[in-house]
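Comments concern the structure below.
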Amino acid sequence: MKSVICVPIAFLFACAPKTADLPHARQAIAADSLLAHIKILSSDEFEGRAPATKGEELTVSYLTGQFKKLGLQPGNPDGSYAQGVPLVGISSDVTGSIRAAGKSVTLTPVKDFAGVSRPQVETNEVKDSGIVFVGYGIVAPEYQWDDYKGLDVKGKTILMLVNDPPTADGKLFKGKAMTYYGRWTYKYEIASEKGAAAAIIIHETGPAGYPFEVVSGSGSHENFDIATPDKNMKRVPVEAWISTDKAKELLKASGQDFDQLKAAAAKADFKPVALNAKADFKVKNTIRQVVSQNVVAKLPGAESKDEYIIYTAHWDHLGRDTRLQGDQIFNGALDNASGTAALLELAKAFSTLDPKPKRSILFLAVTAEEKGLLGTRYYARNPLYPLAKTLANINMDGVNQWGRTKDLSVVGIGQSTLEDDVSAVLKSQDRVMIPETEPQKGYYYRSDHFEFAKEGVPALYLGGDADQFIGKPTGYGKQKREEYIEKDYHKVSDEAKPDWDLSGAVENLQLLLEVGYRVTQDDKWPEWKSGSEFKARRDRMMGK
């Protein structure tokens, strides 16, 4: 008979692997501290947090100080909390005039016309440029779609519609959901590739997803690009928007009808229409070279230190417009002081965990999102840590400021297995995941996660489409979203409001904490789902 060895129970507990206290970490995320960060970052003192301003200096200093207080390590291998992002700042004064069938069509800046010029030259001019309507301005071989039909538009001014064509069968261009072809950034990119002299997008509030004041306001500020050796000389000289009413006036004066042209543009057999009109533009640019900063902190992993998950939020907003009467500061409380504050709350929560997560976590506050996702684009193309060792990106751009919900949407739902983790955590919260209610607005292509996705890294971005607000009537969420877009989005009125209820934001951040923790612990890496346009790039990156 074998002898029995008795081991004290206390010894067994002492030798058992220690598990992280997630409930304690969840409790570290609090509405009062979240709001406190938001109020500081969106205060008038921070002047709207525009890149390369006093507002940037204050923001970078504040974020660095907060990360240090939490005991997080510098995220840059050089020992700093910053990654320099070389930018060129361009303040454009673009004026234009159009002659249609001998009639002058006046373009009034801000009111019905907004233009910028990206090539780094102080003056530029477009003279006597013929105007061509090119439908939606899309060349998409995979959809057998070409709005140019071989037309040479070099030296021409091209006029195009925003978003994707609303194809009747819903099978092209992902049906109701916007593709990247529908984004204004793509339309200017293809215009540059085609050699156009000017590219004008016709603004429509529904398809664009925001009112004309958003584009006219953004165009009136200093714009930025990543500094390139060719000084952007391959970019189309004039990138512009005009209002729907002005487009109708131009087309009518040219002998065309807006509604008829729009209907024709929705068909694959559409052919470009040369208008009986000419355009002139004059550009005056004020140019400066600057280095802005991404702020990055690191929580090293307990085991796989060289594998990473990255949480992101953009710290920048639109700054100050001294031409305005009265309030001149675009405080950007929701967009995106709130997301930056959320990044700090998550960093605080993760820093309480003992033991630390198996894999490392980067907390990356990026610059120049409002200028075209530039800070994240720079990181994704110049990563501090290999993207092949980066398991996932989780992005935050705005938080829920209207209370707790029973539901939650994922932007671009169906893209990656990160959504499976979201669904599992939602179930534990007695909540449900829902699709986007407005996929046609292309939110998947409008925030920082997109730059990681383009490079192949699985990326997650929660939406704001919840409508089952606890204690609120049906339709409350839609009403509040529409109010925000109309009254506050990219306006000086985006400030912290006394009626905000951040309990829903806290619950969503607790979810993102647990989703991220699962990724740090799981042996299986997140993957793009079959059918995702980003899967092939990740497969190549991972040698599949």
query: Has region 322-333 got at least one residue that is part of a loop (DSSP other than H, G, I, E, B), touching a Pro at 6+ places or on another chain (Cβ under 8 Å) and of a type outside the set (Asp, Glu)?
result: no
query: Given ILE131, ILE158, ILE138, which one is buried (at least 23 other Cβ atoms within 10 Å of the Cβ) and more than 28 Å from the chain's Cα centre (by Cα)?
result: ILE131
query: Could you list, in sequence order, the residues of region 246-280 that are within 30 Å of the chain's Cα centre (by Cα) and under 27 Å from SER91 (Cβ atoms)?
result: LYS246, ALA247
message: Looking at (1) farther than 26 Å from ALA266 by Cα; (2) assigned to a helix (DSSP H, G or I), which one does GLU193 not meet, given that it meets all the others?
response: (1)
- request: Check every one of the strands (runs of 3 or more DSSP E) wholly within region 197-305 and list those with 3 or more residues that are touching a Ser or Thr at 6+ places or on another chain (Cβ under 9 Å) and touching a residue at least 12 places away in the same chain (Cβ under 8 Å).
  value: 198-202, 238-242, 273-299
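Would you pick out the residues in region 240-274 that are surrounded by fewer than 23 Cβ atoms within 10 Å (Cβ to Cβ) and hydrophobic (A, V, I, L, M, F, W, C)?
To start, the set of residues in region 240-274 that are surrounded by fewer than 23 Cβ atoms within 10 Å (Cβ to Cβ) comprises 243-246, 248-249, 252-274.
Within region 240-274, ALA253, PHE258, LEU261, ALA263, ALA264, ALA265, ALA266, ALA268, PHE270, VAL273, ALA274 meet the criteria.
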- prompt: Which one is nearest to LEU384 (Cα to Cα) among residues in region 449-506 that are among the basic types (Lys, Arg) and touching a residue at least 60 places away in the same chain (Cβ under 8 Å)?
  reply: LYS454
task: Could you please find all residues in region 313-325 being out of contact with any His (no Cβ under 7 Å at 6 or more places or on another chain) and in contact (Cβ under 8 Å) with a residue 12 or more places away in the chain?
output: ALA313, HIS314, TRP315, ASP316, HIS317, ARG320, ARG323, LEU324
task: State whether the residues of region 310-321 include one that is farther than 30 Å from LEU384 by Cα, surrounded by fewer than 16 Cβ atoms within 10 Å (Cβ to Cβ) and not acidic (Asp, Glu).
output: no
- prompt: With respect to the numbered conditions (1) outside any loop (DSSP other than H, G, I, E, B); (2) of a type in the set (S, T, N, Q); (3) at pLDDT 95 or above, which one is the sole condition not fulfilled by SER80?
  reply: (1)
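The values are calculated or read from the model by the stated rules, or taken from the named source; none is laboratory data. Being a predicted model, the structure only gives us computed values, none of them experimental. In this analysis, Cβ positions are derived from the backbone assuming ideal geometry, glycine residues included, and neighbour counts consider all displayed protein chains.
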